[in-house]
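Chemist: Below you'll find the structure I mean.
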Amino acid sequence: MRIPRMTRIILVPDNEQGAREYNLSRRMALALIFLAMLLATALLVLLYSFVGRQSTLARMNNLERELESARVETATVQSMQRELAESRTLQEKLLRMLGVDEGAIPDSLGLMEDAAPGPPPSSLRALQQAAAQALPPEPGLWPAAGRVTKEFDKGNPVNGERPHQGIDIAGQPDTPILAVAPGVVSRAGKDEYLGNYVEIRHGLGYLTVYGHLARSAVAAGDAVQGGQVIAYMGKSGQATATHLHFEIWRNDEPVDPRRLLSGEPAPQ
C-alpha cells in the first residue's frame, strides 16, 4: 500500500463546532506506523515472557512437591533402618549375654534338639556368671597412655583434603597397646601404610584398628578382653615418630573415637 505524500486528518466534535485539521507528511506517517509496530512487538514480548514465567513457576512448584515427597520417603527409610539396627543391636546383646556365637546359630539349634536336656548345674552356673559379668561391646577404654597429637578428620575431597579416619596417640617406644573392649582378633599383620597392625571385632558392628606397632602380642583368631595388652607402640609403616594410629569403625563406617572414649589418655 502506497502512503500519500501528505495525509490530512480532520477531527469534528459532536456539535460540529471547532473542527480541527491536521496534516501529516509521509515521513511522519511512516514514523507513527513504525512506532505502533514497535509497541505491538514489545507487548508480544512481554506477553510471551509472562507466559514463560508462569510455566516456570508451575514447574518449580511441581519440583518442590516432588522434593518434599522424596524427603518424606527418605525419612521413612531412615526410620526403618534405625529400627532395624536397634533390633539387630538388641539381638546381638542377647546372644552375647547368653554366650551364643551368631555364626553357629543354625548348627546350635540342631545340636540342641539332639542333645541331652540341659547342661550340668556347674556349666549352667558358669554361663550365668559369664552373662552377669559380660562387658558392653562398645569400645570404652583408651588404647594407650600418651597424648593425642592428631584428631579424627573427615577431610574434604572437594578441597583435596585427605581424611584422617582415627586419632594418633604419641608415647614412648614399646608403650603397651590395650584392647579397648572385648572381642576377637580378625587380622594381625603388616600394611604398607599402617606397618604392623592389629584389627579386632567387638560385635554390634564395631571394629577397631591399631597401627604403626613395634610388634603385636596376639594373632588372628585370638579372643581378647578389654584392657588386655595386644601390642606395643612403635613407628612402623609410614610413620615418622613413635605413636599409635587408632581407628573405630561401625558397620563399615569410620567413627570419631572421641564419641566413645571420655577424657584423655593416661599420661606417661
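Read the figures in this text as sums done on the coordinates, not as results from a lab. Owing to the predicted nature of the structure, the values given are computational and were not obtained by experimental measurement. For neighbour counting, all protein chains shown are included, and Cβ atoms are generated from backbone atoms with ideal geometry for every residue, glycine included.
Chemist: For a protection proxy built on the mean count of beta-carbon atoms within 10 angstrom, sort 199-209, 231-241 highest first, please.
Modeler: Highest to lowest by the protection proxy: 199-209, 231-241.
Chemist: For 50, 246, what's the fewest-to-most ordering of other Cβ within 10 Å of each Cβ?
Modeler: 50, 246
Chemist: Tell me, 34, 152 in order of fewest to most beta-carbon neighbours within 10 Å?
Modeler: In increasing order of surrounding Cβ atoms, one gets 34, 152.
Chemist: Restricting attention to region 138-169, which trypsin sites (Lys or Arg not before Pro) occupy a DSSP loop and are surrounded by at most 14 other Cβ atoms within 10 Å?
Modeler: Listed in order of number, the matching sites are 154.
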